[in-house]
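**Q** Before we start, here is the structure in question, set down as structure tokens.
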Amino acid sequence: MQKGEMYVGWSTKEDVRKRGGSGGLVTSMLAAALEKKMVDAVVVLKKINEFEAVPVITSDVNEVLNSAGSLHSVPSNFAKLIANKNLKVALPAKGCDVRGIIEQSKRNAINLDNTFVVGLNCGGSMHPVVTREMLEVMYKIKPEDVHGEEIEKGKLIFETKDGKEHAITIDELEEKGYGRRESCRYCTIKIPNNADIACGNWGVTGDLVGKATFVEINSEKGARLLQNAIDAGYVQVQKPDEKGVAIRAKIKGTMEGLGKKWKDKVFVPMDNGRLEYFRKELEHCIDCGACKAVCPTCSCGDISKCTEFHYRGDAYKMSMYHLVRFLHLADSCIGCGQCSDVCPVDIPLTRLYRRFANTVQEQLKYEPGMDQRKPPYFEAKLEV
Amino acid sequence: MNDSISDGISAEAAAAPKTDGWEPKIVAFCCNWCSYGGADSAGMGRFQQPASARIIRVMCSGRIDPLHVFNAFLEGADAVLVTGCHIGDCHYVNGNDKTKIKYKYLENVAHELGIEKERLQLNWISASEGEKFANFIRDVTEQIKKLGPSPLKPAGVV
Ligand SMILES: Cc1cc2nc3c(=O)[nH]c(=O)nc-3n(C[C@H](O)[C@H](O)[C@H](O)COP(=O)(O)OP(=O)(O)OC[C@H]3O[C@@H](n4cnc5c(N)ncnc54)[C@H](O)[C@@H]3O)c2cc1C
Ligand code: SF4
Ligand code: SF4
Ligand code: SF4
Ligand code: FES
């Protein structure tokens, strides 16, 4: 097995295959890595209910096997969870998790040689609180009655405990302000080729739909991970059919195109009144620092420039904390949406931070989290 | 506007609308080896320049942290100037190459934020370029007079 190869595979454990998002391959690969001591720990989501889960670092194979399934309303980011822990670890990762992990590695907080990143294709995730509200307002069902959820043909489908299915198109949901988080709508990495291996259901065809995962090997580590799972008897794979490969590529292209459209829609150029716009948006900031704490590319710790030079009692027209972060994240923001998700006063932070990041990253031709290039800020001479 | 200042204004600048007597505050960061020398020769050569500039001397333009620039604006500067040796002349080999990088970020952030481009400027000035320094301060002062006080100036600060 080597970089560039593609397979369709599934778990050999019947219950894992059934519970898995599409065939339980990811879960089984992670479990096999743990079992065969390729890694000391694995990160998985521990489910609380249909909408909530907490990430845990575990060395228990059963806990890994129990985690099968995709949770679309858990917009977690695993990068900071494994930072500065010096772990030999394998973990599932949406595009934004992968980018966070790569940025942390550039800041010496994660050693990629010891980190096996299992990328998940990602069409987007939803905020749990927004999802609950959406269920009541749009679907007219009680969140507590939800039994399962899936995405099929552009529709978000909830199954209730009485066995009924409730479907609404994602377009309609998003028109009404629900659906995916704003940052996911304009996110353009749909297939994480920056991870060691990329897994998803796009490209799975025929009888295997819903029962298998399409994988693309992106690195030597990815090849080892899959080979180990096959050797350990945890997964089975076969070559994908040509139709599947083509479908997958086509969906990727379509989704990326949609992402670009959303970007233009969200970031309408502003001529005048920009300063007032930023001032108004930041007006209610209570300086809790949560947006910095969750930011998967920031690795400053408690003592940092943005906090040490910020004084709550100043009479400044703009927060020094945010000014410093606007600048520091101009090249490093990966648009993961974590900051908006956690802000207790609902400031649309990602939308603000991306204003700066969009221009700077475009000008410097720098895409954080996609490869090993260091942030241009630390270069001695600017080439572009 | 006091007399010693209006004396130094060029004909072109003098034609510009005056903001009755208001004198902008311009914070100019100068490196010890070049642009500070330039400021010095501007004075020694008696080149006329307005009293708007507040010079802050740093050892090298590479020492100027964007935070310093933000701080100047937040404290009420109407414009901030980042200056240093010409590229290739930095006394710490490549300090000003690094300044260029930081400035690129600063410029973009300031622009996105809605701070007019006149309020943040970069210039390389050698120790012997007294006249260039004086002209620069004079030009910026005139540009800022047209724009009026900075929107970031805290209430109560003139
Ligand atoms: C939010 C989200 C959106 C997705 N969108 C698409 C898509 O549009 N197209 C596509 O082809 N594939 C998408 N996938 C991937 C797909 O749903 C399956 O995860 C993938 O096909 C692997 O299936 P599996 O059965 O092998 O995984 P499983 O064996 O079910 O393993 C899934 C693993 O992912 C972890 N996980 C679950 N939810 C999350 C989460 N929110 N964040 C991080 N880790 C999580 C679990 O802990 C588990 O370890 C998405 C996945 C997620 C989580
Ligand atoms: S930001 Fe991108 S990768 Fe992350 S959850 Fe949203 S769509 Fe998925
Ligand atoms: S600033 Fe916000 S969107 Fe950007 S990387 Fe940090 S948490 Fe993610
Ligand atoms: S999370 Fe919100 S309230 Fe807290 S510091 Fe960030 S912007 Fe301010
Ligand atoms: S010493 Fe003048 S710019 Fe470095």
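The values are calculated or read from the model by the stated rules, or taken from the named source; none is laboratory data. From a predicted model like this one, the values you see are computed outputs, not experimental measurements. Heads up, the Cβs are rebuilt from the backbone with ideal geometry, glycines too, and the neighbour counts pull from every protein chain shown. Protein only, heavy atoms only, side chains kept; ligands, DNA and RNA dropped before computing areas. Shrake-Rupley method; radii C 1.70, N 1.55, O 1.52, S 1.80 Å.
**Q** Within 10 Å of each Cβ of A:322-334, how many other protein chain Cβ atoms are there on average? Walk me through the intermediate numbers first.
**A** Details: counts 0, 11, 5, 0, 8, 11, 3, 1, 6, 3, 0, 0, 0.
Whole-number average of other-chain Cβ neighbours for A:322-334 is 4.
**Q** Using a 1.4 Å probe, what is the accessible area per residue for the stretch B:25-147, in Å²? Display every interim value, and only then the final one.
**A** Values: 4890 Å² over 123 residues.
Ligands and nucleic acids excluded, the result is 40 Å² per residue.
**Q** Find the centroid of the Cα atoms in the stretch A:50-117 and in the stretch B:82-115, then give the distance between the two in whole Å.
**A** With the stretch A:50-117 and the stretch B:82-115 each reduced to a Cα centre, they are spaced 38 Å.
**Q** DSSP beta bridges in the protein assembly as shown, what fraction antiparallel, as a percent rounded to 5?
**A** 55 percent
**Q** Another question, then. Mind listing, in residue-number order, the residues in the stretch B:94-112 that have at least 10 Å² less accessible area with every protein chain present than in their own chain alone (1.4 Å probe)?
**A** B:ASN94, B:ASP97, B:LYS98, B:ILE101, B:LYS102, B:LYS104, B:TYR105, B:ASN108, B:VAL109, B:HIS111, B:GLU112
**Q** Determine, for the stretch A:268-379, the count of lysine pairs separated by eight or more sequence positions (or lying on different chains) whose alpha-carbon distance falls under 19 Å. Can you show the working numbers first?
**A** Working: A:LYS280/A:LYS317; A:LYS292/A:LYS305; A:LYS305/A:LYS317; A:LYS365/A:LYS374.
Eligible lysine pairs with Cα atoms under 19 Å apart amount to 4.
**Q** Ignoring ligands, DNA and RNA, please state the percent of accessible area on the stretch B:25-147 from carbon and sulfur, probe 1.4 Å.
**A** On the way: 2420 of 4890 Å².
Roughly 49 percent, rounded to a whole number.
**Q** On to the next question. Work out Dmax and Rg for the stretch A:268-379 from the C-alpha atoms and quote the Rg first, both in angstrom.
**A** My reading of the Cα-based Rg and Dmax gives 14.0, 41 Å.
**Q** So, for chain A, what is the accessible surface per residue at a probe of 1.4 Å, expressed in square angstrom? Provide the component values of the computation, followed by the final result.
**A** Working: 17950 Å² over 384 residues.
Counting only protein heavy atoms, the per-residue value for chain A is 47 Å².
**Q** Could the peptides A:73-84, A:264-275 be put in order, highest first, of the mean number of other beta-carbon atoms found within 10 Å of their residues? Before the final figure, lay out the partial values.
**A** Numbers: A:73-84: 21.2, A:264-275: 11.2.
Answer by packing, highest mean first, reads A:73-84, A:264-275.
**Q** May I ask for the accessible area buried between chains B and A, both sides summed, probe 1.4 Å, to the nearest 100 Å²?
**A** Working: alone 8410 and 19300 Å², together 24920 Å².
So the total buried area for this chain pair works out to about 2800 Å².
**Q** What's the magnitude of the charge dipole for the stretch A:268-379 around its Cα centre, counting Lys and Arg as +1 and Asp and Glu as -1 at the beta-carbon? Answer in Debye, nearest 20. List each step's numbers first, then the result.
**A** Working: 14 positive and 15 negative charges, 27 e Å.
With Lys and Arg at +1 and Asp and Glu at -1, about 120 debye.
**Q** Give a quick list of trypsin sites (Lys or Arg not before Pro) in the stretch A:178-221 that DSSP marks as loop, anything other than H, G, I, E or B, with at most 13 other Cβ atoms within 10 Å. Walk me through the numbers on the way to the answer.
**A** Numbers: sites: A:ARG180, A:ARG181, A:ARG185, A:LYS190, A:LYS211, A:LYS221; in loops: A:ARG180, A:ARG181, A:LYS190, A:LYS211.
Answer by residue number: there is no such site.
**Q** Mean shadow of the protein assembly as shown, computed from the convex hull of its alpha carbons, in nm²?
**A** On the way: hull surface 112.1 nm².
Quarter of the Cα hull surface area: 28.0 nm².
**Q** Roughly speaking, to the nearest percent, how much of chain A's 1.4 Å accessible area is carbon and sulfur? Write down the numbers at each step before the final one.
**A** On the way: 9000 of 17950 Å².
The nonpolar share, carbon plus sulfur, comes to 50 percent.
**Q** Taking beta carbons within 10 Å but only from partner chains, what does the mean come to for residues A:273-280? Mind dumping the intermediate values first?
**A** Working: counts 1, 6, 8, 2, 2, 3, 4, 0.
So the per-residue partner count for this stretch is 3.
**Q** Let me ask something additional. For the stretch A:8-40, which trypsin sites (Lys or Arg not before Pro) are both in a DSSP coil and crowded by at most 14 other Cβ atoms within 10 Å?
**A** Values: sites: A:LYS13, A:ARG17, A:LYS18, A:ARG19, A:LYS36, A:LYS37; in loops: A:LYS13, A:LYS36, A:LYS37.
Those that pass, being in a loop and sparsely packed, are A:LYS36, A:LYS37.
**Q** Another question, if that's okay. Could I get the Rg over Rh figure for chain B? Both from C-alpha atoms, Rh via Kirkwood, rounded to two places. Present the calculation step by step, with values, prior to reporting the outcome.
**A** On the way: Rg = 15.1 Å, Rh = 15.8 Å.
Answer for chain B: 0.96.
**Q** Cross-link candidates for B:LYS104: which aspartates and glutamates have Cα within less than 16 Å, leaving aside residues fewer than 8 places away along the same chain?
**A** Output for B:LYS104: A:ASP331, A:GLU362, A:GLU379, A:GLU383, B:ASP65, B:GLU112, B:GLU116, B:GLU118.
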